Amino acid sequence: MFHFDNTYIKLHEDFYQKVWPSSAVAPELITFNKELARELGANFESMDEQELVNVFSGKEILPNSVPIAQAYAGHQFGHFVPSLGDGRAILLGETVTPKGLRFDIQLKGSGRTPFSRRGDGCSALGPVIREYIVSEAMHALKIPTTRALAAVTSGDQVFRENSVPGGILTRVASSHIRVGTFEYFSCRDNLSAVKQLADYSINRHYPELKTSDNCYLDFFKAVAKRKLSLVAKWMSVGFIHGVMNTDNTSINGETIDFGPCAFMDQFNYEKVFSSIDRNGRYAYQNQASMALWNLSSLANCLVPLMDKTPDEMSTVFEEEFERLSEYFTSLWVQEMGKKLGLFSVTEEDKGLIHNWLHYLEKEGLDFTNSFQDLITLLSHSESQTLFKRTTELEHFVSSWEQRLAQQSQDREASKNLMQQSNPVFIPRNHQIEKAIAEGMEGNYEHFHRLNLVLANPFTNQDEHQDLKEAPKESEVVHQTFCGT
Ligand code: AMP
Ligand code: MG
């Protein structure tokens, strides 16, 4: 049971609409994340399965829950849409953990809201299964993310390209405030709401800035740093978000919205999975510049709150964005450097990392498994790996060896660092597709197995070696769909 303590509803009434979840016809529980419930300090032990289903399908509303749909706008693929909002999500309330951390508990797919526009407010089961697996895997990979507390089938059919079973996911996030939430009020010239939202966000996510003289600029910088750190981490595991619109850009630095996302198998700088990303706007290697693009939208919203004139602020931000761009590079080199066993890195290591990545790209090698092969290479001076001994590889290995030798730590320590920084298991697309296909038939065995294995992605689990493998040619997933 949650002890809701709701603060968002205390904001101005323009921030949300009260709405009740639609009653699912015959919901059934797919899974309930007991571990996460414990972390949240929520005791559901006394509830039987039927009661859990009622709560996580929105059939039963818990005491003190005030369900709302939040208002937000957003730049979608560069085009501004002034009214988006929770069209198929309903925030049940906020809960505070025993450690004092505040989380939103939200149902996704529980029916229409005033923001649904032409949508049905439902989720297809496939995206529910995908989000559950990938968001929990992301957490286990130590990457900030929203979490999944429960997944249920709704008992309804929803119409996408075909008629498919509906599902509802319970999402847990440290908040659902997006860059698009700021844009919603900014584009309406509602400066007092922008200020209220900024103050609320600072209080909730960056309380250390409350006393700062320049708190809105500092807030911007802090959001930017978290976001860029997130993108560097995504890239270090080959993750492509796929729909990095401003409405999917959280101001707390968490990964949110797992629509057409994917982890890549074969490395390719330009990789795009999403069927709707026709120009590759959100391709793997564009993610940092797109994050900066989104942050510039946030900056525009915040400028009127600052003491200086817009012209003066534009100079301030110009310099700030240059710094942020460099900051991202330093984070990226750090993340990728760890994967190569480097304890401390400099800008000069960029070349080494790119040599390695170019080699992977040229040979069409699997991103995740190639790093595992490098660990093997480090253990045996004679290679026992599948690497093709090209000139590029020889060149990379010799400069890498030299670089490792410069460190004060020995090879064993580097190997340990690599093992801690390189997952053995990632949620591979073809495995997720298998879990979805089986789930649509009411069989969740593969779904549960993936969740179990992906909870410990850095541990080599002997009995699950098949889940390490790159897809066979016939299994490769070339495109992903929102399918919402
Ligand atoms: P997304 O592409 O998932 O970030 O969603 C963009 C916007 O479309 C958000 O405002 C969603 O609430 C809305 N939306 C997506 N799917 C649906 C749906 N099935 N019913 C209503 N609104 C939806
Ligand atoms: Mg979204």
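For region 427-441, the count of residues that are assigned to a loop (DSSP other than H, G, I, E, B), under 15 Å from Gly126 (Cα atoms), more than 23 Å from the chain's Cα centre (by Cα) and not aliphatic (A, V, I, L, M) is at least one.
Of all residues in region 156-183, which are of a type in the set (A, V, I, L, M, F, W, C) and outside any strand (DSSP E or B)? Full working, then the answer.
First pass over region 156-183, keeping only residues of a type in the set (A, V, I, L, M, F, W, C): 158-159, 164, 168-169, 172-173, 177, 179, 182.
Matches in region 156-183: Ile177, Val179, Phe182.
When region 244-267 is examined, which residues are found to be farther than 26 Å from Tyr206 by Cα, within 12 Å of ligand 2 (Cβ to nearest atom) and in contact with an Asp or Glu (Cβ under 8 Å, 6 or more places away or on another chain)?
Passing the criteria: only Pro260.
Residues in region 456-484 that are within 16 Å of ligand 2 (Cβ to nearest atom) and touching a strand residue (DSSP E or B) at 6+ places or on another chain (Cβ under 7 Å): Thr480, Gly483, Thr484.
Here Ser83, Ser23, Ser110 are screened, and the one residue that is more than 14 Å from ligand 1 (Cβ to nearest atom) and of a type outside the set (Phe, Trp, Tyr) is Ser23. Taking only region 194-208 into account, find how many residues are buried (at least 16 other Cβ atoms within 10 Å of the Cβ) and more than 24 Å from Thr95 (Cα to Cα). Summing the residues that are buried (at least 16 other Cβ atoms within 10 Å of the Cβ) and more than 24 Å from Thr95 (Cα to Cα) in region 194-208 gives 1. Among the conditions (1) exposed (fewer than 14 other Cβ atoms within 10 Å of the Cβ); (2) more than 16 Å from ligand 2 (Cβ to nearest atom); (3) not acidic (Asp, Glu), the only one that Ser23 does not satisfy is (1).
Ile30 passes every criterion in (1) closer than 28 Å to Thr181 by Cα; (2) of a type in the set (Val, Ile, Thr); (3) buried (at least 19 other Cβ atoms within 10 Å of the Cβ) apart from (1). On inspection, Leu230 passes the criterion of being part of a helix (DSSP H, G or I), touching a strand residue (DSSP E or B) at 6+ places or on another chain (Cβ under 7 Å), crowded, with 19+ Cβ neighbours inside 10 Å and modelled with pLDDT of 95 or more. Among residues of region 239-256 that are at pLDDT 95 or above and assigned to a loop (DSSP other than H, G, I, E, B), those with a Cβ under 9 angstrom from a residue that is of a type in the set (Phe, Trp, Tyr) and within 11 Å of ligand 1 (Cβ to nearest atom), sequence gap 6+ or separate chain, pair up as His241/Phe258; Gly242/Phe258; Val243/Phe77; Asn245/Phe77. The numbered conditions (1) surrounded by fewer than 17 Cβ atoms within 10 Å (Cβ to Cβ); (2) over 30 Å from Asn443 (Cβ atoms) are all true for Leu342 except (1). Six or more apart or on different chains, Cβ under 9 Å: which pairs go from a residue in region 390-406 that's closer than 15 Å to Asp373 by Cα to one that's in a helix (DSSP H, G or I) and acidic (Asp, Glu)? Could you list them? What qualifies is Leu393/Glu363. In region 254-296, of all residues being in contact with a Gly (Cβ under 8 Å, 6 or more places away or on another chain) and of a type in the set (Gly, Ala, Ser), the one that is surrounded by the most Cβ atoms within 10 Å (Cβ to Cβ) corresponds to Ala262.
Flag: Glu208 does not match the condition of being of a type in the set (D, E, K, R), within 16 Å of ligand 1 (Cβ to nearest atom) and part of a helix (DSSP H, G or I).
The values are calculated or read from the model by the stated rules, or taken from the named source; none is laboratory data. Note that the structure is a prediction, hence the values are computed from the model and not measured. Heads up, the Cβs are rebuilt from the backbone with ideal geometry, glycines too, and the neighbour counts pull from every protein chain shown.
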